[in-house]
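Inspection log for the structure reproduced underneath, given as structure tokens.
The values are calculated or read from the model by the stated rules, or taken from the named source; none is laboratory data. Worth saying up front: this structure is predicted, and the values here are computed from it rather than measured. Using ideal geometry, Cβ is built from the backbone for each residue, glycine included, and neighbour counts are taken over all protein chains shown.
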Amino acid sequence: MASELYSNGLISLKKYWKQDVLSGFMVSLIALPLCLGIALASGVPPMAGLIAAIVGGLFMSRVTGSYVTISGPAAGLIVVNLGAVESLGAMPDGSVDMLLGYKYALAAFVVAGIIQLIFGFLKVGKFGDFFPTAAVHGMLAAIGVIIIVKQLFVALDYTPEKGGHGIIGSMLQIPDAFVNMNPEIAIIALSSIFILVIHPHIKFKPVKMIPAPMWVIICSIPFSHIFDLFHEHDYKLVGHKYHLGPKNLVHLPEKIVEGFVLPDFDMAFTGVFWVAVISVALVSSIESLLSASAVDTLDPHYRKSNLNRDVSSMGGGSALSAMIGGLPMISEIVRSTANITNGGKTQWANFFHGGFLLLFLLFGKPIIEQIPLAALAAMLIHVGFRLASPTEFKHIYEIGKEQLLIFITTLLTVLATDLIIGVLAGILMQVIIHLYYGAPLRFLFKSKFDYTEHEDKNQRVISLHHSAIFSNYISLKSEIEKHREYGELVLDFSNVNIIDHTFRTHLHDLQKEWEGQGKKLKFTNVDHLIPVSDHPLATKIKGDLSEEQGRKLTKHQQYLNKIADMNHWRFLPGKTISFEDFEGFSFSNSSKIVYAQNIISGEYEGERIIYSEIIYDKTLDTKSADSRLSALLIQSEKNLPVFTVEKEDFFDKVTDLAYQQDIDFDEYPVFSNKFVLKGPNEEEIRDFFHRGLIRKIEENPHFHIESNGKAIILYSFEEEEEKVSLNELIRFGKILALIH
């Protein structure tokens, strides 16, 4: 249970309003351009996106079941939003009346929101665990492809020919779009994409403080003046005639009140209306559940969202938003991650984010209307690429070939038909694979288990039978929830033939939740099952164990094994999800650790040393590529202060003048000038940092050094990681083990 300290009530507002105001402002800078772009990509006026975010922030933040999520329109809903507008606005002659379609779609959004509201009251939150991971990622990748294709035409200022071939037909027109693109508009889009790509790699803190989407706006507005996009005009270039004008810029109504549009329910008794309603309700619910669950894993205070309440609040917010002309909303993962990164503590950050967006809408119209549409299209292309990037295919393949098959089946079916049919196709493919692996048909949707009570009345054992797969996980989870009064619950897999990836992922998350409550959830007797890949949460099936044991080490693992032998340490080449030793450090507080691999462990002068290649997601975005960190951990029996040491740059010096957080030593001017030393207890830190330790740090400036009070961790800075060998890392680790 979340403590009152970090609740969403007035007590937390009083205590943390500064942090939440600052985070809300930073998130609003990200949200402003994205809301405008999502609305335009959805075929509705740009103000519709701002309405959704403002309603979500100012109103839904007061009733939501989460703590740090940010609500608003999402790129993942673009496809269903646009589909609703185009299908409901279709005319008998084959044309589309977008304004009429917008009004009809608003009515569909209202009904979908009400249905989603009812979903929450019916406690459908648990069904967020039903959907196979690969199918969900396949759906998101398909959404990414569709966003890229649609927005590419905006970025090139090319109007595709209307046809009945859907997204496939649009793809076939991409070559023609490049041939006939408007060069000036393309320059704006290309420069915007360049900013989005390089921003994460810039280390200069003043630049990092401003979010990439806001840099896109700052840098693209001057192009509006250079290319005179405010006036209608034609020009010729290489024999082609191009047209520029206000159509290339964001447009808001003369009076803000004119932007509030009422829904039209005249289509409410047609089939196409209800197709739109069901599509929006299902996709919104699924995305809200997945996003809220993902953000929970990043919350530094380990609070758990009430998913049913979150679904209801997002549904109610979507209905309220649509009643005044806004888009549907969900708990949006990118903005939620930014909220945590910027220090947001409670849902008041969401509230302030909505308030700042309202101020932007009321007073920022002259600036907003200078934003080129191509810049917004570039941001959405970047979002779409992250959803459907090649690394996503690689990541799914590494989990297992069968996961890639499900992923591609879902993706292609969505592109050929629609989202709902695509997800159903992915689920069907997953079921076929499970039947092939030996899962009994009669236990496809219900777990088979029995349980016994041991002599230790604080422990319970549940023995599972036949299969442990995505489709019967919900029934097992319900059984597990009945036994939360036990201090320890053991799941016995002796009689199981298959455990799939989705099932294992859910159990791993549940295990972490139990640990946070001081309880234990253990898994036993899985050695008779072999994984289908090296991924730590890969599907496991019955098979020949000799095949697993006979796997060869890679060239890199052979090198690591040699290092371990030289130090008389142990090398564990496999992957593990038991990475608790590496939690509690700065990178793990702002990232989700996925797994640890290639572990070397041993002792040196009485100190335990662990080397590991930690795979983590620094954005908490399950669609993005994982990052790798090679780290050395020194565990000590001695008392350690909590501290961080890293190289000091110019911005650190300026910041220290204002906040004086850096701990300097007058007798060691070189150290004080080159490094930032921070920690909560200055007296303990000064006692710990003696002359020998300081001199060794000065001689080894490439490393980030940090203590969480229990252990010291070392890793090299990202730009220098390739320059520092494992031998250097271990050598410096041994030095610290000796002299600290």
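Within the range 226-234, identify whether any single residue is in a helix (DSSP H, G or I) and under 30 Å from residue 335 (Cα atoms), and answer yes or no. Steps first, please.
Taking the range 226-234 as the starting set, the residues that turn out to be in a helix (DSSP H, G or I) are 226.
Add one more test, that the residue is under 30 Å from residue 335 (Cα atoms), and what stays is none.
Among the residues of the range 226-234, not one is in a helix (DSSP H, G or I) and under 30 Å from residue 335 (Cα atoms), which makes the answer no.
Identify, please: which residue in the range 219-245 is modelled with pLDDT under 90 and loosely packed, with under 11 Cβ neighbours inside 10 Å and is, among those, farthest from residue 199 (Cα to Cα)?
239
Going by what's in this entry, would residue 55 be described as buried (at least 20 other Cβ atoms within 10 Å of the Cβ), touching a Pro at 6+ places or on another chain (Cβ under 9 Å) and of a type outside the set (Gly, Ala, Ser)?
So residue 55 does not fit the description; no.
Which condition from (1) under 30 Å from residue 86 (Cα atoms); (2) in contact (Cβ under 8 Å) with a residue 60 or more places away in the chain; (3) within 29 Å of the chain's Cα centre (by Cα) is the one that residue 184 breaks?
(3)
Quick check on my filter: what residues within the range 477-497 are closer than 16 Å to residue 444 by Cα and crowded, with 22+ Cβ neighbours inside 10 Å?
Scanning the range 477-497 gives a single hit, 496.
Consider residue 278 against the criteria (1) among the aliphatic types (A, V, I, L, M); (2) farther than 17 Å from residue 34 by Cβ; (3) within 18 Å of the chain's Cα centre (by Cα): it satisfies all of them except one. Which criterion is unmet?
Looking at each condition in turn, residue 278 falls short on (3).
Would you be able to say whether some residue in the range 615-638 is in a strand (DSSP E or B), of a type in the set (Phe, Trp, Tyr) and either surrounded by fewer than 19 Cβ atoms within 10 Å (Cβ to Cβ) or modelled with pLDDT of 85 or more (or both)?
No - not one qualifying residue is present in the range 615-638.
The rows are residues; the columns are (1) touching a helix residue (DSSP H, G or I) at 6+ places or on another chain (Cβ under 7 Å); (2) on the phi > 0 side of the Ramachandran plot.
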| site | (1), (2) |
| --- | --- |
| 143 | yes, no |
| 157 | yes, yes |
| 172 | no, no |
| 175 | no, no |
| 194 | no, no |
| 206 | yes, no |
| 212 | yes, no |
| 220 | yes, no |
| 235 | no, no |
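From the set of residues in the range 705-727 that are surrounded by 14 or more Cβ atoms within 10 Å (Cβ to Cβ), of a type in the set (S, T, N, Q) and over 17 Å from residue 693 (Cβ atoms), which is modelled with the highest pLDDT?
708
Could you say which residue among 467, 471 is assigned to a helix (DSSP H, G or I), modelled with pLDDT of 85 or more and not hydrophobic (A, V, I, L, M, F, W, C)?
Working: 467 fails: assigned to a helix (DSSP H, G or I).
Going through 467, 471 in turn, just one is assigned to a helix (DSSP H, G or I), modelled with pLDDT of 85 or more and not hydrophobic (A, V, I, L, M, F, W, C): 471.
For the range 16-57, give me each residue that is in contact with a helix residue (DSSP H, G or I) (Cβ under 8 Å, 6 or more places away or on another chain) and either of a type in the set (D, E, K, R) or in a loop (DSSP other than H, G, I, E, B) (or both).
20, 42, 43, 44, 45, 46
Quick one: how many residues across the range 68-121 are over 19 Å from residue 287 (Cβ atoms), touching a helix residue (DSSP H, G or I) at 6+ places or on another chain (Cβ under 8 Å), in a loop (DSSP other than H, G, I, E, B) and touching a residue at least 60 places away in the same chain (Cβ under 8 Å)?
0
Pick from the range 131-173 the residues that are of a type in the set (S, T, N, Q) and over 21 Å from residue 389 (Cβ atoms): which of them is surrounded by the most Cβ atoms within 10 Å (Cβ to Cβ)?
Pass one, the range 131-173, residues of a type in the set (S, T, N, Q): 133, 151, 159, 170, 173.
Now drop any that are not over 21 Å from residue 389 (Cβ atoms), which leaves 159, 173.
Numbers: 159: 11, 173: 18.
By that ranking, first place goes to 173.
Right, residue 439: outside any helix (DSSP H, G or I) and small (Gly, Ala, Ser) or not? Working first, answer last.
Values: outside any helix (DSSP H, G or I): yes; small (Gly, Ala, Ser): yes.
The answer is yes for residue 439.
Out of the helices (runs of 4 or more DSSP H) lying entirely within the range 246-355, which hold 2 or more residues that are aromatic (Phe, Trp, Tyr) and either assigned by TED's automatic domain parsing to the domain that holds residue 229 or buried (at least 21 other Cβ atoms within 10 Å of the Cβ) (or both)?
So the answer is 271-296.
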